[in-house]
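Inspection log for the structure reproduced underneath, given as structure tokens.
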Amino acid sequence: MNKLKIIFLFFAIFYFSTVAVATEFSQQSGDFDYDYIFEQGSVWIDKDIITKKDPSSFISLEFIEEKQIEWWDQRTWKINEEQYENINQKIFFNVFIFRAFFEKSHDILIRVNSEFKTQKKAKKQAEIYAKIYGQMPNFLKEKTKSLTIHKGNFGWLGGNNDVIIYTNLSKAHSEEAMIHELSHVSLDFQFSGSVDKNAWRNAILQDKFYITRYAYDYFFQEDIAETTLWWFATKCKPNTISKKNYDKVIKHLPNRFEYLDNQDYDFYPVVCE
Ligand SMILES: [Zn+2]
């Protein structure tokens with residue numbers, strides 16, 4: 001599966017579930033017919049915006065129970081040429097549930113698919129992603145209740161207070177993918193996040209540019225998540241991206257960046273500026 005396909009799948013689950021809402025924000029002639037900066041999805045441009053060396057607020061895990069839950073797993077979706085036949089369908093599966101604790105942010109549940117077989121192996125997976133989650137700035141954690149971890153090489157999904165993780169997706173991009181998905185969880189107005197829909201729409205209209213082709217193609221669903229990663233990179237981690245890319249995004253997205261700058265976000269444990 002090529003990268004664009006993976007990127008598309010990042011948010012497919014919620015693209016289809018929010019079609020009714022999307023019409024309200026839909027394209028009008030001359031309105032959203034703008035340009036974009038990067039051809040690829042924003043997660044893939046630079047894999048080192050956050051790395052293993054960055055601090056994490058993760059403290060510890062506590063095993064709660066093994067039980068059956070009903071949630072999504074896109075490995076069960078049947079995809080034909082044109083459409084997803086059973087997209088957005090939840091299934092029942094067993095998980096090992098852990099509670100994860102963090103400094104200066106609320107605890108969350110980590111639900112590891114029991115296909116990982118033993119509690120010990122499941123805990124290992126929970127630890128990997130709890131540490132990455134702990135590296136995320138606190139403003140992205142506000143609405144998270146859980147992470148759900150599956151095997152497989154699929155794009156991650158964010159929304160409904162949860163991030164769905166596939167452990168075989170490129171590890172180098174895990175931190176960047178986590179920023180993207182948590183932006184859906186905590187900022188995205190599709191999930192009652194903190195970003196104001198009209199203010200964001202106005203910022204798009206004024207910028208007349210999108211961060212990526214993915215944001216351009218699915219602007220209602222993806223613009224916030226795609227843009228937030230690069231705003232964060234320019235604001236808090238400018239040395240991790242090239243000067244050329246830094247200049248490009250600063251030049252083309254000033255209104256969205258100003259909106260995010262003005263939100264008084266809590267960046268802990270990231271030291272920003
Ligand atoms: Zn997305």
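Below are the figures for this structure:
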read-out: Estimated [θ] at 222 nm from DSSP helical runs (n ≥ 4, -39500 (n - 2.57)) normalised by residues in the chain, nearest 500; value: -10500 deg cm²/dmol
read-out: Residues of region 234-253 with amide N under 19 Å of a point placed 7 Å along Cα→Cβ from residue 205; value: 253
read-out: Distant-in-sequence amide H partners of residue 211 (H built 1.01 Å from N, under 5 Å); value: 37
read-out: Orientation-averaged projected area, Cα convex hull of the chain (nm²); value: 13.8
read-out: Debye log10 I(q)/I(0) at q = 0.13, 0.17 Å⁻¹ for region 58-186, Cα point scatterers; value: -0.50, -0.86
read-out: Under 25 Å from the Cα of residue 251 - lysines, other chains or at least 8 residues apart; value: 47, 197, 208, 235, 237, 243
read-out: Efficiency of FRET between residue 272 and residue 127 - r from beta-carbon atoms, R0 35 angstrom, step 0.05; value: 0.85
read-out: Rg(Cα)/(2.2 N^0.38 Å) for region 128-199, N = residue count; value: 1.07
read-out: Rounded to whole Å, sorted largest first: equivalent-ellipsoid semi-axes of region 117-260, Cα gyration tensor; value: 28, 17, 13
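Here, each number is a calculation from the coordinates, and none is a lab measurement. This structure is a prediction, so every number in the text was calculated from the model and none was measured. Quick reminder, even Gly has a Cβ in these numbers, built from the backbone with ideal geometry, and neighbours come from all protein chains shown.
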